[in-house]
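Contents: one structure, followed by commentary.
The values are calculated or read from the model by the stated rules, or taken from the named source; none is laboratory data. Please read these numbers as outputs of a predicted model, since none were measured by experiment. Note that we place each Cβ from the backbone using ideal geometry, even for glycine, and neighbour counts take in every protein chain shown. Please note that ligands, DNA and RNA were not included when accessible areas were found on the heavy atoms of the full protein model with its side chains. Shrake-Rupley method; radii C 1.70, N 1.55, O 1.52, S 1.80 Å.
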Amino acid sequence: MTAAIADRLRTRKGVALVLGFIGLVALGLYLPSVRYGFVGIDWQLIVNNQLLLTTPPAGIFVRGYWAGADPVATGIPPDQRDGLTAAYFRPLTTLGFWLDARISGVKAWYFHLVNVILNAVAAVLVALIVWELLHSGVWAGFAGLLFATHPAHVESVAFISGRSDILLAVFLGFAGFALLRSLRKRNWRWWLMVPPCFAMALLSKETAVVFPFLALFTPALTQNRFPRRYWILIVVLGIILSGYLYWRALVFGQIFPVPTG
């Protein structure tokens, strides 16, 4: 009986059922957060940030994440404000807040709803990645549900300012899925999806810098031979990373996201 269920979950319909269930669980678990308001640094980063509310979209890509926010007004003690003065460069996250403000009129429920939907997408992508690794609907379902329900993600989803974590997971999830699919299917067209997703992950949160190193070792870790011309993909990822670091240097006068000054 168990084997029969596992076999059914290997079919397209079975995988679609698993992914749909994971998405619904992730949505249902965090949907109550749409009743929450703005809290903590949400006020200074979004609501009271006149620079965010009045700047054109292009201006978001030439300034830091905390531009326009007042660290003093947050109420955080001075010795704990290093994160608020760090040279974070997350223009896609900021652009998301900008769009939410334009669409909703700075209504908290809309910002929370976007976080909830993005988190559900991230959970589905985790399941897809495990599907590509193990080709098992059962294990893909377990992985997706673990991601969707893990308490470590509560702050990232329920706290509006935690969106950078969710965007990082979404874009790297797409990039990782495309990379694994290309190796399993030996269809190198999937490579076309990897660089832009990596670039968007970089512009969402700095942690994405590790992805090229993971991509370099992915064939070995998945017990695949290094495909011909795989080095082209790695070089492209390296160029994107180098361009990102150069861009950061132009914006901040420094490469690493340490507190300014």
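Data overview
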quantity: Top-ranked residue of region 148-170 - restricted to ones that are open to solvent by 10 Å² or more (accessible area, probe 1.4 Å) and touching a residue at least 60 places away in the same chain (Cβ under 8 Å), ranked as nearest to Y88 (Cα to Cα); calculated: S161
quantity: Residue match in region 128-142 (condition: within 25 Å of V210 (Cα to Cα), open to solvent by less than 20 Å² (accessible area, probe 1.4 Å) and within 14 Å of the chain's Cα centre (by Cα)); calculated: no
quantity: Residues satisfying the stated conditions in region 218-232, i.e. over 21 Å from the mean Cα position of the chain (by Cα) and either on the phi < 0 side of the Ramachandran plot or among the hydroxyl-bearing types (S, T, Y) (or both); calculated: P219, A220, L221, T222, N224, R225, F226, P227, R228, Y230, W231, I232
quantity: Enumeration of residues in region 38-63 that are of a type outside the set (S, T, N, Q) and without any contact (Cβ under 8 Å) to a residue 12 or more places away in the chain; calculated: P56, A58, G59
quantity: Filter result (surrounded by 12 or more Cβ atoms within 10 Å (Cβ to Cβ) and part of a helix (DSSP H, G or I)) within region 42-57; calculated: D42, W43, Q44, L45, I46, V47, L51, L52, L53, P57
quantity: Single residue of region 89-112 satisfying the filter (part of a loop (DSSP other than H, G, I, E, B) and buried (at least 20 other Cβ atoms within 10 Å of the Cβ)) that is farthest from the chain's Cα centre (by Cα); calculated: F89
quantity: Complete set of residues in region 113-156 that are closer than 22 Å to L179 by Cα and either touching a Pro at 6+ places or on another chain (Cβ under 7 Å) or not in a helix (DSSP H, G or I) (or both); calculated: H135, S136
quantity: Single unsatisfied condition, G253 versus (1) farther than 25 Å from E132 by Cα; (2) surrounded by 13 or more Cβ atoms within 10 Å (Cβ to Cβ); calculated: (2)
quantity: Selection from region 200-232 of residues that are open to solvent by less than 30 Å² (accessible area, probe 1.4 Å) and farther than 20 Å from S156 by Cβ; calculated: P212, A215, T218, P219, P227, Y230
quantity: Neighbours by Cβ (under 8 Å, 6+ apart or cross-chain): first from region 91-106, of a type in the set (D, E); second at pLDDT 95 or above and open to solvent by 10 Å² or more (accessible area, probe 1.4 Å); calculated: D100/Y110; D100/V114
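Quick grid of which residues meet (1) modelled with pLDDT of 95 or more; (2) more than 18 Å from S164 (Cα to Cα); (3) part of a loop (DSSP other than H, G, I, E, B); (4) of a type in the set (S, T, N, Q):
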residue	(1), (2), (3), (4)
D7	no, yes, no, no
R10	no, yes, yes, no
I22	yes, yes, no, no
L29	yes, yes, no, no
G40	no, no, yes, no
G64	no, no, yes, no
D70	no, yes, yes, no
